[in-house]
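Novice: The structure's right below; bear with me while I get my questions together.
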Amino acid sequence: RPPRSTLFPYTTLFRSQRTAFARHVSAIFATGALAVAIAYLTLTPLQVDLDLGSDKLYHFIAFAMLVLPCALLYARMLIWVLPAAILFGGAIELIQPYVGRGGELADFGADALGAVIGAALGLTFRAIAAKHASISAASLK
């Protein structure tokens, strides 16, 4: 009979130290990469005037995605990542007028709300995955 971990790999998802380390590194790398992308996209001057709808929605989605990896894979890091994401959004809005872009308080609001909602979604998905893993482990007994 194969070991439980090969039958249900998700049952050990949150238990293994090696897996935890890989999740932590992945969360930090993804968050860092997204922060660099957001900084580039929001702090470079626009070459053409694009009217693709409400930019508030883009700010919301970007900052939700910024904190989602940490919320999902490394929840303890949210104590640092969530305030840092909100400060990052504020810093972007303060810097934008100096690089030919317009900084708006409404954009900062969308950034902050997106970060909070992204954290909530990540923690919710994490809880669902943990519950699913415990149900799968219980069905083996």
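The values are calculated or read from the model by the stated rules, or taken from the named source; none is laboratory data. All values derive from a computational prediction rather than experimental measurement. We place every Cβ from the backbone using ideal geometry, glycine too, and count neighbours over all the protein chains shown. These area figures cover heavy atoms from the full protein model, side chains too; ligands, DNA and RNA do not enter into them. Shrake-Rupley method; radii C 1.70, N 1.55, O 1.52, S 1.80 Å.
Novice: How many residues are within 21 Å of P69 (Cα to Cα) and open to solvent by less than 70 Å² (accessible area, probe 1.4 Å) when one looks only at region 125-137?
Specialist: Applying the first criterion (within 21 Å of P69 (Cα to Cα)) to region 125-137 yields 125-133.
Checking the rest, the ones that are also open to solvent by less than 70 Å² (accessible area, probe 1.4 Å) come to 126-127, 129-130, 133.
Residues flagged as within 21 Å of P69 (Cα to Cα) and open to solvent by less than 70 Å² (accessible area, probe 1.4 Å) within region 125-137 amount to 5.
Novice: Can you run down the residue pairs with Cβ atoms below 8 Å, 6 or more apart or on separate chains, where the first is in region 97-113 and under 24 Å from L82 (Cα atoms) and the partner is in a helix (DSSP H, G or I) and open to solvent by 70 Å² or more (accessible area, probe 1.4 Å)?
Specialist: As it stands, the answer is G103/L94; G103/I95; G103/P97; A110/L57, since those pairs meet every condition given.
Novice: Do we find that L82 is open to solvent by 20 Å² or more (accessible area, probe 1.4 Å), free of Cβ contacts under 8 Å to residues at least 12 places away in the same chain and either more than 13 Å from A27 (Cβ to Cβ) or among the hydrophobic types (A, V, I, L, M, F, W, C) (or both) in this structure?
Specialist: Numbers: open to solvent by 20 Å² or more (accessible area, probe 1.4 Å): yes; free of Cβ contacts under 8 Å to residues at least 12 places away in the same chain: no; either more than 13 Å from A27 (Cβ to Cβ) or among the hydrophobic types (A, V, I, L, M, F, W, C) (or both): yes.
Against the criterion (open to solvent by 20 Å² or more (accessible area, probe 1.4 Å), free of Cβ contacts under 8 Å to residues at least 12 places away in the same chain and either more than 13 Å from A27 (Cβ to Cβ) or among the hydrophobic types (A, V, I, L, M, F, W, C) (or both)), L82 does not qualify.
Novice: Here are some residues: L94, L113. Which one is of a type in the set (A, V, I, L, M), surrounded by 15 or more Cβ atoms within 10 Å (Cβ to Cβ) and over 12 Å from the mean Cα position of the chain (by Cα)?
Specialist: Of the residues listed, the single one that is of a type in the set (A, V, I, L, M), surrounded by 15 or more Cβ atoms within 10 Å (Cβ to Cβ) and over 12 Å from the mean Cα position of the chain (by Cα) is L113.
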